[in-house]
């Protein structure tokens, strides 16, 4: 059952909205410029998407029914290939948020990906709002900011 779900998820494209796109453009270098040295923390678009989703899940920042017009950026397989642990974590967090009566509802791959994307949108919006807070305008411009965000989460 697990393998079938993962195969289904990996075949599908990620749908995301404008908040994820804005955060992606702020914190990820263009994928074709991997050798270029710059100040962007992430080198792959899927990493920013996954990070935004994790921030959304951790802070309970889901935007239900979010507009997800960007539908052809990458398949979930790219996340699985990049980090199976992150892909499985996102899948499990989304399944944990599904309110369903049958296992078919719980194992609907598009529903799982939509939930992940709704949390990614919420997480991205949270990140953008945080950067609008006085004193935090440059939050996540430096690698240490990511470390401190994780440490702050661990204190809770």
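The values are calculated or read from the model by the stated rules, or taken from the named source; none is laboratory data. In this text the structure is predicted, and so the values were computed from the model without any measurement. Ideal geometry is used to build each Cβ from the backbone, glycine not excepted, and the neighbour counts take in all protein chains shown.
So in the range 44-69, with the set limited to residues that are in contact with a strand residue (DSSP E or B) (Cβ under 8 Å, 6 or more places away or on another chain) and farther than 16 Å from residue 128 by Cβ, which one is surrounded by the most Cβ atoms within 10 Å (Cβ to Cβ)? Checked the range 44-69; the qualifying residue surrounded by the most Cβ atoms within 10 Å (Cβ to Cβ) is 45.
Among the residues in the range 70-80, are any surrounded by 15 or more Cβ atoms within 10 Å (Cβ to Cβ), in contact (Cβ under 8 Å) with a residue 12 or more places away in the chain and touching a strand residue (DSSP E or B) at 6+ places or on another chain (Cβ under 6 Å)?
Our first condition is that a residue be surrounded by 15 or more Cβ atoms within 10 Å (Cβ to Cβ); within the range 70-80, this holds for 70, 73-80.
Applying the additional criterion that residues be in contact (Cβ under 8 Å) with a residue 12 or more places away in the chain yields 70, 73-80.
Add one more test, that the residue is touching a strand residue (DSSP E or B) at 6+ places or on another chain (Cβ under 6 Å), and what stays is 70, 75.
The answer is yes; a qualifying residue exists.
Tell me yes or no: at least one residue of the range 7-16 is more than 10 Å from residue 120 (Cα to Cα), crowded, with 21+ Cβ neighbours inside 10 Å, over 14 Å from the mean Cα position of the chain (by Cα) and at pLDDT 90 or above. Yes, the range 7-16 contains at least one residue that is more than 10 Å from residue 120 (Cα to Cα), crowded, with 21+ Cβ neighbours inside 10 Å, over 14 Å from the mean Cα position of the chain (by Cα) and at pLDDT 90 or above.
Of 92, 113, 107, 128, all but one fail to be at negative phi and under 12 Å from the mean Cα position of the chain (by Cα); the exception is 113. State which residue is modelled with the lowest pLDDT when the search covers only the range 108-156 and only residues that are closer than 23 Å to residue 17 by Cα and not in a helix (DSSP H, G or I). Out of the qualifying residues, it is 141.
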